[in-house]
Amino acid sequence: MVGHQLRLRRETAGMRVAEFAAAIGYGEDLVRKVERGARIPRPEYLDRVEEVVDAGGFVSAMKKEMREARYPRKVRELAKLEERAVEVGLYSNHNVHGLLQTEEFARALLETRRPTYAVEDLERLVAARMARRSIFDRSPAPELSFVQEEVTLRRPIGGTMVLRRQLERLLEVGELRNVEVQVMPTDRGDHPGTGGLIELLKFGDGTAVGRSDGEFGGRPVSDPRQLRILELRYGIIRARALTPGETRTFIEEVLGET
């Protein structure tokens, strides 16, 4: 529907696709994809359209819906929770967590999926993952804690240069005052993270939501008794992991070896 409306606005303005694309500063291919509903337009795209066709605020008014629609249905609710959270704790044992991924690493990681994603689905998933990184730009900033298994920093997803830039991103994020990044060395034989990913999100009203691959069927939980289990487990994981300072040194060493 949005693509159809944007096409009508362009045609009403008497502009062909090539002329319109040049006017808004985007490629013809993207304009065609947006107009046929194959790509979800970013807010800045809608702003440029608004300026060029003088839509009286109609096009810009679509930004909220399009921002939400960029997320695949299965992560839409998670994204809303992350936007509200004042404290987030994340343990990832298989891949670099999505909030920490660079765009090229995210794309390479999603390309490993079998059966493979269609090109347009892949691009939508990458865009949604990048949109979630807005959590780092929020004000006031939430407190963010990440624990990554060592193997996630060594697996060369996308090749050496993609991995190097991903490691540099981890160092960059780790410098933020509201972020702590820790690594769980492979030689730690006794830690309670073998059940898989753990997520804990706490909100300003005192409520919380947690999820774990290995507990409660992987579904989000908010019952205090269930949350206590995840908080206990995550607390021990953080205690067993390298400190943020040790982690920075470790990542720099891995970067030097890569």
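The values are calculated or read from the model by the stated rules, or taken from the named source; none is laboratory data. Everything quoted here is computed from the prediction, not taken from an experiment. Note that each Cβ is placed from the backbone with ideal geometry, even for glycine, and that neighbours are counted across all protein chains shown.
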Hey, V119 farther than 19 Å from L201 by Cβ, modelled with pLDDT under 90 and in contact with a helix residue (DSSP H, G or I) (Cβ under 8 Å, 6 or more places away or on another chain) or not: no
Strands (runs of 3 or more DSSP E) contained entirely in segment 128-246, each with at least 1 residues that are modelled with pLDDT under 95, among the basic types (K, R) and surrounded by 13 or more Cβ atoms within 10 Å (Cβ to Cβ): 208-212
Residue satisfying condition, being at pLDDT 90 or above, of a type in the set (S, T, Y), out of contact with any His (no Cβ under 7 Å at 6 or more places or on another chain) and outside the structural domain of V126 (by TED's automatic domain parsing), within set Y45, Y26: Y26
Residue within segment 77-91 that is assigned to a loop (DSSP other than H, G, I, E, B) and either surrounded by fewer than 17 Cβ atoms within 10 Å (Cβ to Cβ) or free of Cβ contacts under 8 Å to residues at least 60 places away in the same chain (or both) present: no
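So if I check each of A13, A79, A18, which one is under 15 Å from the mean Cα position of the chain (by Cα) and among the small types (G, A, S)?
A79
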Enumeration of residues in segment 107-127 that are of a type in the set (K, R) and surrounded by fewer than 18 Cβ atoms within 10 Å (Cβ to Cβ): R113, R114
Residue check for T258: touching a helix residue (DSSP H, G or I) at 6+ places or on another chain (Cβ under 7 Å), surrounded by fewer than 18 Cβ atoms within 10 Å (Cβ to Cβ) and polar (S, T, N, Q): yes
Residue list for segment 210-258, restricted to those being among the hydroxyl-bearing types (S, T, Y) and either farther than 21 Å from R169 by Cβ or without any contact (Cβ under 8 Å) to a residue 40 or more places away in the chain (or both): S212, S222, Y234, T249
Residue match in segment 179-201 (condition: more than 16 Å from I236 (Cα to Cα) and in contact with a Ser or Thr (Cβ under 9 Å, 6 or more places away or on another chain)): yes
Among the candidates F136, F146, residue that is within 15 Å of the chain's Cα centre (by Cα) and farther than 27 Å from Q226 by Cα: F136
